[in-house]
Each structure stands twice: as C-alpha cells, then as structure tokens.
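In what follows, a structure is listed as structure tokens, so that the remarks can point back to it.
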Amino acid sequence: MKTYKCGYNYCKNEGVVNEDVAIMVKNRYYCPECEKEMSGKEKIRELYKRDIDTTPNSQQLNMAIKKIVNEYGCDIDFVIYSFKYIKENNIKINNPFGLTWVVKDGKLISKYKKEVITRKANEIRMSVEITPNDDSGEGFEYKKSTPKWLREI
Ligand SMILES: [Zn+2]
C-alpha cells in the first residue's frame, strides 16, 4: 500500500501514514491521530487568545502547549477544560508557561475526572431517549471529535 510522510513533528506512528487513512490538510498528509492532536493544539491556542491574552508571545505559547501535550502527555480535552477552571477560579496567568502549572493542579484534575464521569453517565441516560445531532460534514475541525459539552467551554 502507498504510504505518505506524516507532516506532524510529533508523529505517533514513526512519521509514516498509509494512504487509506491519511488526512490531507493544506497539501500535507497526516495520520488521523496526529491531525487530531494538531487541531487540538490549535484549539488550545485559540482559547488562550480568547480568554487569557489576545496577543501572546506565540513562540512561548507553542512551547508551553508542546510541553503540556507532548511532554506531560495531557489529554487535549483536559487542557480545554482547564480554561473553564481558570475562569471560574480567577487564576492569573501572566504568560503561556502559567498553563503548564495549572494543568498540574490537583483540584482541577479531580474536578475534571468527576465531571467526565458525570457527563458520561448523563450521555448514557440521554442516548436511550434522543438521537444526538449528526456532526458530519464539518470538515477537519476539532469539533467533530469533541463532546458537545466541551465545545461550549
Ligand atoms: Zn503521524
């Protein structure tokens, strides 16, 4: 089978992707999970600009996100959730590296875990009554794979 070079620097599959699963974004090919992580990072950048600093040092912001996602191995959904926590608790973030300590906050972590469990229970309850909206046709947006409740953060 034909393979492509995955365009993601932190490729999860040694930089190679089979053509039957490859996702093309701006003329480059990516593994599905690499593309998901990339668009997740983009979402984090957007939230940072929306909630914390409209004109951040983008080099610092990229480094902080890399650290959180690729070094600490934090789940993208968890990082997205942390913005809600920052708002609710009026946490002051002076520069992008502030995010790297927020994600280690034990209270945030246990709150997130509880919320995930509750949401899952609710979703199961809901799924027997209604059919969720079809999200297809939205292209490669991060939205597609993110639960609705997280998208609203
Ligand atoms: Zn890849």
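Just from its helices, what would the mean residue ellipticity at 222 nm be for the chain, if runs of 4 or more DSSP H residues each count -39500 (n - 2.57) and the sum is divided by every residue, rounded to the nearest 500 deg cm²/dmol?
Dividing the helical sum by the residues of the chain leaves -15000 deg cm²/dmol.
Filter Lys67/Lys107; Lys2/Lys113; Lys12/Lys49; Lys26/Lys114 down to the pairs with a C-alpha to C-alpha distance above 30 Å, please. Could the numbers behind the result be given before it?
Values: Lys67/Lys107 20 Å; Lys2/Lys113 41 Å; Lys12/Lys49 27 Å; Lys26/Lys114 38 Å.
The pairs that break the limit, which is 30 Å between Cα atoms, are Lys2/Lys113; Lys26/Lys114.
Which number comes out as Rg/Rh for the range 1-134 once both Rg and the Kirkwood Rh are worked out on C-alpha atoms?
Rg divided by Rh gives 1.04.
With label points built 7 Å along Cα→Cβ from the Cα atoms of Trp149 and Glu46, find their separation and express it in nm.
Using points 7 Å along Cα→Cβ, the separation is 2.1 nm.
So, in nm, how far is label Lys26 from label Ala121 when the simple model puts each one 7 Å beyond its Cα toward the Cβ?
4.3
So if we plug the beta-carbon distance of Lys107 and Asn9 into 1/(1 + (r/R0)^6) with R0 = 41 Å, what FRET efficiency do we get, rounded to 0.05? Show your work: numbers first, answer last.
Values: r = 32 Å, r/R0 = 0.79.
Efficiency for this residue pair is about 0.80.
I'd like the isolated cysteines in the chain, meaning no second cysteine's beta-carbon lies under 4.7 angstrom from theirs.
Those would be Cys74, since no other cysteine Cβ in the chain comes under 4.7 Å of theirs.
If you stretched the chain out fully between Asn18 and Asn95, how much longer would it get, using 0.36 nm times the residue separation minus the C-alpha to C-alpha distance?
On the way: separation 77, 0.36 × 77 = 27.72 nm, distance 3.91 nm.
Result for the pair: 23.8 nm of gain on full extension.
Read-outs: derived from the displayed coordinates by stated rules, not from any lab. In this text, all values refer to a predicted model and were calculated from it rather than measured experimentally. When we count neighbours, we look across all protein chains shown, and the Cβ atoms used for this are built from the backbone with ideal geometry, even at glycine.
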